[in-house]
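K.L.:
Sending over a structure as structure tokens; questions will come in a sec.
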Protein chains: 2
Amino acid sequence: MLSPANHNSSLLPDTHPCNGCDARDLAICGVLETDDLDTFRRLGCSIDLCDGQSLFHQGDAATRVFTVTLGMLKSFRILADGRRQVTGFHLPGDFVGTSVDQEHQFAVEAVGKSRVCAFPVNRFDGFIEEHQPMQRELYIAATRELVQAQQQMVLLGRKTAMERVASFLVLLSDRLGHGSVVELPMRRSDIADYLGLTKETVSRVVSELKRSRMIRLRAIERTEILDRTRLDSLAQGDG
Amino acid sequence: MLSPANHNSSLLPDTHPCNGCDARDLAICGVLETDDLDTFRRLGCSIDLCDGQSLFHQGDAATRVFTVTLGMLKSFRILADGRRQVTGFHLPGDFVGTSVDQEHQFAVEAVGKSRVCAFPVNRFDGFIEEHQPMQRELYIAATRELVQAQQQMVLLGRKTAMERVASFLVLLSDRLGHGSVVELPMRRSDIADYLGLTKETVSRVVSELKRSRMIRLRAIERTEILDRTRLDSLAQGDG
DNA sequence: CGTTCGATTGAGCTTTCTCAAGCACAGTGG
DNA sequence: CCACTGTGCTTGAGAAAGCTCAATCGAACG
């Protein structure tokens, strides 16, 4: 198993105060009756994570499934020499760790203070076995993620640095923007590793976007989109 | 809708001689009883495609689902200015066009002579609704594809040209290699658009791999892997 | 008020791309 | 049977986007 040197995350404690999940943050709540939802909640165990804390590493046994209930997580994969690719950011309602393999193919860590709800796989599988609508919901979630992953392939394979950053801002604005303000809780290096760039290039491009008045930085983690139209067309690759 | 100028594929005829599918090439045959499989076969309609012929374009209404029964298909997305990203190659047994959206997000074309089995979505959905094991099978297929897509993100975001080509050869060797010989029915430009490179770079890297005796070209579309170990470690990023 | 850690900016370098020419092979018609 | 032509592959030379390394900046915190 890989265990990169510059890895400051601590392992997840195996036992943890178990206080159930907040139903509102479970993605599947929409397809479950109140009783069933209650049953489902009780299968899980809430876990708090602080910034950079690891939920699991690549190669770990896939013994639990998670839903994000608070904050943000990132999943990534690391090559032998330390090169890292962030494959996604996960928000409340997202499933994490639903692998068909015995081992996790990717690592998952918290971005800022976060909370997840953990389900032992056997209990989780047992539950969805008995709840058809949830099976379908999981399938739809996987398919959506797949389309998202394919969009990301286009970005990584064919877009310029500026188009990548524009796409990223537009994506986050759609997922967690309040009006024209986008929260960026992750580090520049996380963005860089998500976009297949270096943190320096991300920094330079953000500066360029500021200079051309498409965005403004309220704070380092609070970006305001000033010209959504131009940012959109940049993101689409016809800017 | 995008319709790039240099696009020589012809549209799929709406009506076509319907002669059913070969059961052996349907991915799901493993989870269906003989009777059910027979029923399933009859829902579909076999379609032959010649090289470069389009199954559907991005933006087309998603009215049918397909399984590949012969040959190979590629799915891809094109940006406004013609830049193209191939997101995957599909072999017999693979599902294609199983979108949750009303419109296809990606285009699919044949690589060489190919054959698919087409199912109207409503009939397809109706069938899987009544066959639990198939739902599960579809979910597993989607999850596998997702992991594969994430691996591809690592490749596109963080690997060098040489590592990308090595990864590609290893991948294809695992999927359709006979011993150490890999069939490459697609064009160099398809490989390039899959790996986020130019066809010139792919050509140069292949030449370099030949020069360093890791591979040998029996014919242009028949590559023999001479040093699998070295190619593997290159592909993993620690060569 | 100093320290620390991440973000920014700069200068030079490397990898890959672009553009262009030449090559190989299959299909076609004289 | 062989030149002709078209298409895709290869190779080369110069250009460009983004990377690396290094210095500086700036906010948070003790």
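Rule-based calculations on the coordinates, nothing more; no lab input. All figures in this text were calculated on a predicted structure; none of them were measured in a lab. Note that we place each Cβ from the backbone using ideal geometry, even for glycine, and neighbour counts take in every protein chain shown.
K.L.:
Would you mind finding the longest exposed-site-free stretch of chain A, with exposed GluC sites (Glu not before Pro) meaning DSSP loop and at most 16 other Cβ atoms within 10 Å?
P.N.:
A:34-129
K.L.:
Continuing with the same structure: With θ taken as phi - 60° and the coefficients 6.51, -1.76 and 1.60, list the Karplus ³J(HN,Hα) couplings across region B:209-222 in order, rounded to whole Hz; mark glycine and proline as x.
P.N.:
5, 5, 4, 8, 6, 8, 9, 9, 9, 5, 9, 4, 10, 10
K.L.:
Helix-only estimate, please: 222 nm mean residue ellipticity of the protein assembly as shown, summing -39500 (n - 2.57) across DSSP H runs of length 4 or more and dividing by its residues, to the nearest 500.
P.N.:
Per the formula, -12500 deg cm²/dmol.
K.L.:
Taking the label point 7 Å from Cα in the Cβ direction, how far apart in nm is residue A:220 from each other copy of itself, listed shortest first?
P.N.:
Relative to the other copies, residue A:220 has label-point distances of 5.4 nm.
K.L.:
If you average the C-alpha positions of region A:43-75 and of region A:90-159 separately, how far apart do those two centres end up, in angstrom?
P.N.:
For region A:43-75 versus region A:90-159, the Cα centre distance is 11 Å.
K.L.:
Pull out the extension gain between residue A:224 and residue A:51, defined as 0.36 nm times the separation in residues minus the alpha carbon to alpha carbon distance; nm, one decimal.
P.N.:
Gain on stretching residue A:224 to residue A:51: 59.9 nm.
K.L.:
Determine the gain in length on full extension of the stretch residue B:238-residue B:175; use 0.36 nm per residue of separation and subtract their C-alpha separation, reporting nm with one decimal.
P.N.:
Gain in length upon complete extension: 20.4 nm.
K.L.:
Continuing with this model, one more query. Under 13 Å from the Cβ of residue B:160, count the other residues' Cβ atoms, weight Lys and Arg +1, Asp and Glu -1, and hand me the total.
P.N.:
Computed value for this residue: +1.
K.L.:
Just to confirm the numbers: residue A:59, label point 7 angstrom along the Cα-Cβ line, distances to the other copies in nm, shortest first?
P.N.:
In nanometres, ordered from closest: 4.7.
K.L.:
Could I have the simple spin-label model distance between residue A:198 and residue A:80, label points 7 Å from Cα toward Cβ, reported in nm to one decimal?
P.N.:
Placing both labels 7 Å along Cα→Cβ, they lie 2.4 nm apart.
K.L.:
Placing the label point 7 Å from Cα along the Cα-to-Cβ direction, what are the distances from residue A:189 to the equivalent spots in the other copies, shortest first, in nm to one decimal?
P.N.:
In ascending order, 4.1 nm.
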